[in-house]
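To keep things clear, I will list the structure first and then write my remarks on it.
The values are calculated or read from the model by the stated rules, or taken from the named source; none is laboratory data. Fair warning: this is a prediction, and the values are worked out from it, not measured in the lab. Because the Cβ atoms are built from the backbone with ideal geometry, glycine has one as well, and the counts that use them run over all protein chains shown.
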Amino acid sequence: MRIVSLLPSATEICFALGLGEELVGVTHECDYPAEALTKPKVTTSLAHEGLSSREIDSLVRSQLQNGGSLYSLDVQKLEELKPDVILTQQLCTVCAVSVGTVRAVAAKLSSRPRVESLEPSMMSEVFATFRRVAQLCGKVEECALRIAALEARYRMVGKLTRQLHRPRVIMLEWIDPPFLCGHWIPQIIAMAGGKNPIGQGRYGLFFRRPSKEISWGDVLHARPDMLIVAACGFGIERQKQELEIIVREMGLHGSARESMGAPKLYICDGSHYFSRPGPRLVDTTELLGMILHPELDAEFGSKFQSGLDYEQIEYGSTTYDRYWQPEWPREA
């Protein structure tokens, strides 16, 4: 089986299931595991290096509104690779080549590859995509133990946090403008021992729905105990460049955080965790469980590195001391 992956998550699925040898092509964004970097690249995208979050958002909106595309396929390279299967998605319009474009290109390739669109919106469906990829490769039995082990790790986080206090957690996947995480993230928050404060029920308003732009007023009104930012595609250092936006918009001041009841602020790697519906969503759940419940550090702490995978931001640094401090809303 010759597989081309048009998704970083699908690439990670293939390697996690031991199917790396069958992966013959990937996207320019497929950067994990390290072996993925050695595979031929079949896509390019609009350059956004040096742009702010706001500028990137404006660029993306403009392209989509005008019927443009954020990604391009190297059709000649695809023809050379002669794939049997192309893995893609249509869950997110800004994450990959459109599935319509992929199907149109695939129909003209001499190998006539099958186009398989992976569309998980909750964790059970994420695990189902693992089984589907294994099925496409005719290796269901060979992959079964690997998949079961990932599911067991995910469920273990829920067992460890079940009886613990549940902090109110707001999770953002973009800073400017702020976007509240949707799809599987509300479920991961609940499994990691947190409470979704926007909407009703255990998973809140945006479970199984796309992420949604909200206002900083919405964040304030939700009265979170923790504000966690994992901007899609951004590592820790890139996100720290825009921390002043968060502090300014929320009126945070370091010396008064506790008395104000302001939330703890964490930045997480939004490229390697949270945004890709693949095996590392299990790592994401463990990471979030450790952040929400420091008492689980002995269980998961050795897997993650502060400053690389996550970082708690202290408002009291001189960078953030100059802002006006409002009277933070308190829960009645």
Condition test on CYS143, is it in contact (Cβ under 8 Å) with a residue 24 or more places away in the chain and not assigned by TED's automatic domain parsing to the domain that holds TYR273? yes
Find the residue count for segment 179-195, including only residues that are part of a loop (DSSP other than H, G, I, E, B) and under 16 Å from PRO263 (Cα atoms). 1
Looking only at segment 152-165, and only at residues there that are without any contact (Cβ under 8 Å) to a residue 60 or more places away in the chain and within 22 Å of the chain's Cα centre (by Cα), the one that is nearest to ILE228 (Cα to Cα): GLY158
Pick from segment 69-98 the residues that are at pLDDT 85 or above and of a type in the set (A, V, I, L, M): which of them is nearest to ARG131 (Cα to Cα)? LEU87
Checking the structure you have, find out if any residue of segment 132-140 is surrounded by 14 or more Cβ atoms within 10 Å (Cβ to Cβ) and in contact with a Ser or Thr (Cβ under 7 Å, 6 or more places away or on another chain). no
Those helices (runs of 4 or more DSSP H) completely within segment 3-112 that have 1 or more residues that are within 26 Å of CYS143 (Cβ to Cβ) and acidic (Asp, Glu) are 8-16
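Here's the yes/no breakdown for (1) charged (D, E, K, R); (2) at pLDDT below 95:
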{"residue": "PRO224", "(1), (2)": "no, yes"}
{"residue": "ALA230", "(1), (2)": "no, no"}
{"residue": "VAL247", "(1), (2)": "no, yes"}
{"residue": "GLU299", "(1), (2)": "yes, yes"}
{"residue": "ILE313", "(1), (2)": "no, yes"}
{"residue": "GLU331", "(1), (2)": "yes, yes"}
Among the numbered conditions (1) without any contact (Cβ under 8 Å) to a residue 40 or more places away in the chain; (2) part of a helix (DSSP H, G or I); (3) more than 27 Å from ASP283 (Cβ to Cβ), tell me where ALA128 comes up short. (3)
Give segment 211-221 a look and list any residue that's out of contact with any Phe, Trp or Tyr (no Cβ under 9 Å at 6 or more places or on another chain) and either buried (at least 21 other Cβ atoms within 10 Å of the Cβ) or part of a loop (DSSP other than H, G, I, E, B) (or both), or say none. SER215, VAL219
